[in-house]
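Novice: So that we are looking at the same thing, I have put the structure below in structure tokens.
The values are calculated or read from the model by the stated rules, or taken from the named source; none is laboratory data. Please read all numbers here as calculations on a predicted model, not as lab measurements. With ideal geometry, Cβ positions are generated from the backbone for all residues, glycine too; neighbour counts draw on all protein chains shown.
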Amino acid sequence: MKFILVITTCCILLAAILLPVSAGSQSRELDSLKAIILSGNVNHANIMTYRDLGVRFAQQGQFDSAISYYKAGVAKARSLKSTYWEVKYLLWAAGSFTNATVFDSALQYFETVYPLLLPLKNDSLLAQFYQNKGTLFMYQNRPEQAAGFMIKSIEIMEPMREPPLNLLLSAYMNISGIFNGMKQPEKAVAYDRKVLALAPSATTPLERSLMYINVANTYFQLNSLEMMKKYLDTARSYQQSYPNPRAELNILGAYGLYFEKRNQNDSALYYMEQAIRVSKKAGDFYFFTEHAINAANIRMKMGQLTAAEQLLREVLPYAKEFADYFILAETYKGLKEISEKKGNYKQAFEYGELSNRYADSAQNSENQKNILALEAKYENQRKEAEIASLQLSNKEKELVVVKRNRLLLLGGLGTGAVILLLSLLYRTTAQQRQLAEKDKVLKDEQIRFLERQQQVVSLQSMINGQETERTRIAKDLHDGLGGLFSTIKMYFSSLQHDRQELQQEPLFTKSYELINTASEEVRRIAHNMMPEVLMKMGLVQATQELCNSISAGKLLQVSFQAWGMEQRLNASTEVMLFRILQELLNNIIKHAEASEAIIQFNREGNRLSVTVEDNGRGFRLQEPGSGNHAGLSSVESRVQYLNGKLSIDSQQEVGTTVMMDFLINEGASA
């Protein structure tokens, strides 16, 4: 975890390095820029005023203020109907949300800007989009995804005649940082060389400071401490001439790691505590947790157990807020060691259990992401290799045919006897050509089959990811919000019991009713995302409960029949079939205007037929763009995932029948 201190923030302050300005003139320029905005004279000519103000505050680590000006810039760009400036302000805002660790808002802005960005066909903006999104994944400790976006950004910029040097420099530093974070400093060195080659082009002390911090981190990973100290001292000299909280944080943390590596614990502790002070002052508690854990470890080495314990306890609420399992595991591990040294073995055992639990959660989460990614990569590479082999074989066949045709042309200049001989050869060649063409057709069909298999693999990975995310969200809602609402209801009940007069207060009664309603709504949402009865009792019981729930609403009466379903299906198959039924019933409620519907399961051996009928208004299957088709793509994808067949019979004002057939593996039943 220590590498995050030196990597993440030293490479992502894009907003802070885009506009060179001296520290002494910032106050006067801020007043001047604000005066332009207050005058109401912001137009195409000076729309960058909002950007200049946002950059000034970002340079000072005041990301909330920077975001407010970027949002104002978005609104102004829209009023001027300038898509170009709207995209630029959306990208700056997304970057500032990332720096402020408000990841949900950052992701929302990236999703908003992408469809606006593509029609502009602007390589610089597209490179900035990929780099900013890669930065978001760096913050979330997802190095593979981050590296993918950073490399896309570099591939766009390097061929450009005059690439945006600040963006290119930042991309090189980010890639270097990612390799360092993955414990591959040898690969990071190549990008560090590119960074140093661009050093003469760096226009501000802050840029150069960040560059040398990045290089120093690589030498730390290579255990070359003298070279690390050399570049770290250079970075500090530039940072002191141009103060910036994030740059100062990285330098202080890096000095702490340097002295800790040299076993100079007093100096290491001094720099770590300075980093803690700066992170608290800047309100950057994500990096406070990292510095605090490092400082606690140093104090433990020095025998200062009480001070170390105090630091770790201060880390806990922030680590829980960020849901960072790695930090939580490290924190509880430190508390366990302290309790052991103090002789409190019961508490040490409890902390050890918590540390192992969070370490397992972190590892499982990381393993799941890696396994899905590696599986998809392996399948794609294997299919691509087979396709390439078949294509090469086709080319070789075509080359043989061409060579033989040339021989026929030369043979035509010979004698009559040779002509006769060549005619025989030509007939043979024609037959071989026909065979080659047939073989080519067969190979092309194999290529299309493999491509379809590739699509199925990708679809399987996507759907598995969706179900994993549904399960996680449902568990978080049930265990997190559900438990919280239960506690609040308990407090209200206790208050109502202790103070009888509150029962006569309309505000108290209404509040209690709203809390109860919210609690039921959370349970309902969690249940819909991953019904407990589906996991415990199976598909038949879950479907019956779904039908009863819908019928209780009086708008649609749903009946359910099942034959041959005594034995449960594979768990993933049951989940997929339940999602299909949910989508079909949802379509009936939203679009069909039906009063009755029926669901039927009929299993004979390894064949399962599922039918869903309604008496609604129906729709035309050939009608393009019909709203009735909005949910059918999800149903088709899931039926394809289960290797099933789907057919739909719909007649207007009569109703719709959806029929699905599946082959069920008998050995896969639960």
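Novice: For the stretch 530-546, check the following and say yes or no: at least one residue is in contact with a helix residue (DSSP H, G or I) (Cβ under 7 Å, 6 or more places away or on another chain), closer than 21 Å to residue 636 by Cα and among the acidic types (Asp, Glu).
Specialist: no
Novice: Another question about this same structure. Do we find a residue being surrounded by fewer than 15 Cβ atoms within 10 Å (Cβ to Cβ), in a helix (DSSP H, G or I) and touching a residue at least 40 places away in the same chain (Cβ under 8 Å) anywhere in the stretch 140-151?
Specialist: Within the stretch 140-151, one or more residues are surrounded by fewer than 15 Cβ atoms within 10 Å (Cβ to Cβ), in a helix (DSSP H, G or I) and touching a residue at least 40 places away in the same chain (Cβ under 8 Å).
Novice: Cβ-Cβ under 8 Å, sequence separation 6+ or interchain: first residue in the stretch 222-236 and more than 15 Å from residue 256 (Cα to Cα), partner at pLDDT below 90 and assigned to a loop (DSSP other than H, G, I, E, B). Which pairs?
Specialist: So the pair list comes out empty.
Novice: Take the residues in the stretch 612-621 that are modelled with pLDDT under 90 and hydrophobic (A, V, I, L, M, F, W, C); name whichever of them is farthest from the chain's Cα centre (by Cα).
Specialist: Among residues in the stretch 612-621 that are modelled with pLDDT under 90 and hydrophobic (A, V, I, L, M, F, W, C), the one farthest from the chain's Cα centre (by Cα) is 619.
Novice: Criterion first (at pLDDT below 75, among the polar types (S, T, N, Q) and over 30 Å from residue 574 (Cβ atoms)) does residue 471 satisfy it?
Specialist: no
Novice: Checking residue 609 against (1) under 24 Å from residue 547 (Cβ atoms); (2) at pLDDT 85 or above; (3) not in a strand (DSSP E or B), which test does it fail?
Specialist: Here residue 609 meets the rest and fails (3).
Novice: Okay, next question. Could you tell me which of the residues 90, 107, 126, 116 is of a type in the set (A, V, I, L, M, F, W, C), surrounded by fewer than 16 Cβ atoms within 10 Å (Cβ to Cβ) and touching a helix residue (DSSP H, G or I) at 6+ places or on another chain (Cβ under 8 Å)?
Specialist: The conditions single out 116.
Novice: Hey, can you tell me all the residues within the stretch 550-573 that are buried (at least 20 other Cβ atoms within 10 Å of the Cβ) and within 14 Å of residue 540 (Cβ to Cβ)?
Specialist: 569, 573
Novice: I'd like to check something: does the stretch 591-600 contain any residue that is surrounded by fewer than 17 Cβ atoms within 10 Å (Cβ to Cβ), among the polar types (S, T, N, Q), part of a loop (DSSP other than H, G, I, E, B) and touching a residue at least 60 places away in the same chain (Cβ under 8 Å)?
Specialist: no
Novice: Would it be correct to say that residue 179 is surrounded by 18 or more Cβ atoms within 10 Å (Cβ to Cβ), of a type outside the set (S, T, N, Q) and either in a loop (DSSP other than H, G, I, E, B) or under 25 Å from the mean Cα position of the chain (by Cα) (or both)?
Specialist: So residue 179 passes the test.
Novice: To continue, here is another question. Quick check: anything in the stretch 127-134 touching a Phe, Trp or Tyr at 6+ places or on another chain (Cβ under 7 Å), under 21 Å from residue 154 (Cα atoms), part of a helix (DSSP H, G or I) and small (Gly, Ala, Ser)?
Specialist: Taking every residue of the stretch 127-134 in turn, at least one turns out to be touching a Phe, Trp or Tyr at 6+ places or on another chain (Cβ under 7 Å), under 21 Å from residue 154 (Cα atoms), part of a helix (DSSP H, G or I) and small (Gly, Ala, Ser).
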